[in-house]
Structures are given as structure tokens and as C-alpha cells.
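In what follows, a structure is listed as C-alpha cells, so that the remarks can point back to it.
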Amino acid sequence: MDILWTTHLEDTIYKDALSIRSAVFITEQEIDQAIEIDQNETNCIHGVGYINGQPVCTLRLLPQSVHHLIIQRVAVLKAYRHQRLGLKLMIAVEEKAKQENYSKLSLSAQLPVIPFYQKLGYSLTDNSTYKKAGILHKDIYKIISL
């Protein structure tokens, strides 16, 4: 899988990211488009994973501070799940973060996928559970060495 990054909203990579997010979040999870596509789009680094030129997974990175990136909108198309693409995407995030001198990664994770992130070394910020777009989440983080 090749992962390409962009910060330009006119870029094909960004359009591919939106297509995946629409399929996963808006269609599958029935999240309102007004919530899914928000005011942070222009502030993020958008990543898309491609297999044989086909966009199959995505996420976006929102810089929170000089050393802290928030991982958002992690999605894998249904037909490509259970192929370890999420793992490859998260490894690419760590590489990208290190290249740009970020040492803390955090995200708001849906409850069913928290064990996946914990296997990658993420820890719960606390034990608080909250609803985001009508779905239960917890905050998690990981400190990476540069």
C-alpha cells in the first residue's frame, strides 16, 4: 500500500479522502455530513492509502501544538477491512509525525477499536466515555520518540 499526503483541498488525494470518509462515516455510520466535513479541513494533513491506484483508507492529522498531532477520521473501506491496512496507516502516521518532529499522537477512538490502538501502544487518557456524532468514544494517546 502506498500512502500519499496532502494539505491542499483541491488535490485528488483530498478528494479521495472525502470519498472514503463519505462511504464509511456518512453512509455506513450515518453521521451527518455537516459534522463529518468540518471547519478543520484546511488545517489538516490528509493521508490516503492506495492499493494498485485505488484509494482504500484514509485519515487526517490536525496539528494541536508544535509537538502534538491529533489523528482524526481514520477509515478503511468495508471491502478492504481485515487486511491490516489500519495498522499500515498508523505506522505511516508515526513515520510522518517523526519526520515533522511531533512526539505526541492522540485521538478520540470509537469504543470497538480501542483494543486495536492499545496493541499499537496507545493508552487511555482517562476512563471517560462520551458521545461524539452519536457514537461512544474515549480519548487515547501515544508518546513517540523522535
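Quick one: in region 31-46, of everything that is of a type in the set (D, E, K, R) and free of Cβ contacts under 8 Å to residues at least 60 places away in the same chain, which residue is least open to solvent (accessible area, probe 1.4 Å)?
Of all residues in region 31-46, those of a type in the set (D, E, K, R) come to 32, 36, 38, 41.
Of the ones still in play, those that are also free of Cβ contacts under 8 Å to residues at least 60 places away in the same chain are 38, 41.
Working: Asp38: 37, Glu41: 8 Å².
Per the criteria, the residue is Glu41.
Is it the case that region 49-70 has a residue that's buried (at least 18 other Cβ atoms within 10 Å of the Cβ), hydroxyl-bearing (Ser, Thr, Tyr) and touching a Phe, Trp or Tyr at 6+ places or on another chain (Cβ under 9 Å)? Scanning region 49-70, I find no residue that is buried (at least 18 other Cβ atoms within 10 Å of the Cβ), hydroxyl-bearing (Ser, Thr, Tyr) and touching a Phe, Trp or Tyr at 6+ places or on another chain (Cβ under 9 Å), so the answer is no. With respect to the conditions (1) β-branched (Val, Ile, Thr); (2) free of Cβ contacts under 8 Å to residues at least 12 places away in the same chain; (3) surrounded by 16 or more Cβ atoms within 10 Å (Cβ to Cβ), Val74 falls short on a single one, namely (2).
Selection of region 77-112 for residues being open to solvent by 20 Å² or more (accessible area, probe 1.4 Å), farther than 18 Å from Ile20 by Cα and not in a strand (DSSP E or B) yields Ile91, Glu94, Glu95, Lys96, Lys98, Gln99, Glu100, Asn101, Tyr102, Ser103, Leu111, Pro112.
Scanning region 89-104 for residues that are closer than 19 Å to Thr6 by Cβ and touching a His at 6+ places or on another chain (Cβ under 8 Å) yields a count of 1. Here Ile3 meets each of (1) assigned to a helix (DSSP H, G or I); (2) open to solvent by 20 Å² or more (accessible area, probe 1.4 Å); (3) over 25 Å from Ile135 (Cα atoms) with one exception, condition (1).
Selection of region 50-76 for residues being over 16 Å from the mean Cα position of the chain (by Cα) and part of a strand (DSSP E or B) yields Ile51, Gln54. Residues of region 132-140 include none that is within 25 Å of Glu10 (Cβ to Cβ), modelled with pLDDT of 95 or more and out of contact with any Gly (no Cβ under 6 Å at 6 or more places or on another chain). Suppose the filter is farther than 18 Å from Leu4 by Cβ, out of contact with any Leu (no Cβ under 6 Å at 6 or more places or on another chain), modelled with pLDDT under 95 and not aliphatic (A, V, I, L, M); does His82 pass it? Criteria met by His82.
Residues in region 113-146 that are polar (S, T, N, Q), in a loop (DSSP other than H, G, I, E, B) and open to solvent by less than 80 Å² (accessible area, probe 1.4 Å): Ser128, Thr129.
The values are calculated or read from the model by the stated rules, or taken from the named source; none is laboratory data. Just so you know, these numbers come straight off a predicted model, no measurement behind them. Neighbour counts run over all protein chains shown; Cβ positions are idealised from the backbone, glycine included. Remember, those area values only see protein heavy atoms, side chains included, never the ligands or the DNA or RNA. Shrake-Rupley method; radii C 1.70, N 1.55, O 1.52, S 1.80 Å.
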